[in-house]
Amino acid sequence: MKRGVRLINRRFLILGLIAILLGIAGLICLGYASWGNWGMVSPRGMMGSKNMMGSRGMNEMMNIMMRDYSKSSYSSNGERIFLTGENDKGETISNSMMPSGGHMGQMMRMGCANCHKASGKGGLLFPDGKTKSANITWEHLQDHDPPYTENSLKKAITKGIEPDGEKLSNFMPRWEMSQDDLDDLIKYLKSL
């Protein structure tokens, strides 16, 4: 009987830890900006500072960011990476906001589309109420000054550096992927 009670207690402990980790991930995704790393002034940020987005904007952002873009088949490895943050081997690709290791990385995977939308045209308003996700369609990137090249786009994706050397917003994750996966992603982005 004691063994059965210990098993039940262990399950509740594991479920409790998962709930706590999900809560922490939510705080990281929604509240991290409040502590100054992304240019905001105070922890009260999301709860009504005058330059914060309202609850409607926050709901819209969460609906897009938490959307599951998975589908039964993909036209390419690049499309799969863009939509899901997972390559054709089923490996979750790490980024500076959500490392792939452990249960949390597996449960909270995200791809480029979670911020830049499936079209790549961006426009998602972030918690600071001012920053929008960029249009990353190849045509638009060619209008950038200076224009993006394949190499400068790889640098933006992995290091957060624009073609002119400026640092991208901290809302942009720094992705850690193999050269083959990065090449496949660039090829897909050029098709948008």
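The values are calculated or read from the model by the stated rules, or taken from the named source; none is laboratory data. Predicted model, so just to flag it, every value in this text is computed and none were measured. Virtual Cβ from ideal backbone geometry, glycine too; neighbours counted across all protein chains shown.
Here residue 161 clears all of (1) in contact with a strand residue (DSSP E or B) (Cβ under 7 Å, 6 or more places away or on another chain); (2) at pLDDT below 95; (3) under 19 Å from residue 95 (Cβ atoms); (4) of a type in the set (A, V, I, L, M, F, W, C) except the condition numbered (2). Among the residues making up segment 135-168, those that are in contact with a Gly (Cβ under 8 Å, 6 or more places away or on another chain) and part of a loop (DSSP other than H, G, I, E, B) are 135, 136, 137, 168. When you look at residue 191, is it over 14 Å from the mean Cα position of the chain (by Cα), under 15 Å from residue 116 (Cβ atoms), surrounded by fewer than 16 Cβ atoms within 10 Å (Cβ to Cβ) and not basic (Lys, Arg), yes or no? Taking the combined requirement at face value, the residue satisfies it.
Considering only segment 114-132, I want to know if a residue exists there that is in a loop (DSSP other than H, G, I, E, B), of a type in the set (A, V, I, L, M, F, W, C), farther than 18 Å from residue 93 by Cβ and in contact (Cβ under 8 Å) with a residue 24 or more places away in the chain. Yes, segment 114-132 contains at least one residue that is in a loop (DSSP other than H, G, I, E, B), of a type in the set (A, V, I, L, M, F, W, C), farther than 18 Å from residue 93 by Cβ and in contact (Cβ under 8 Å) with a residue 24 or more places away in the chain.
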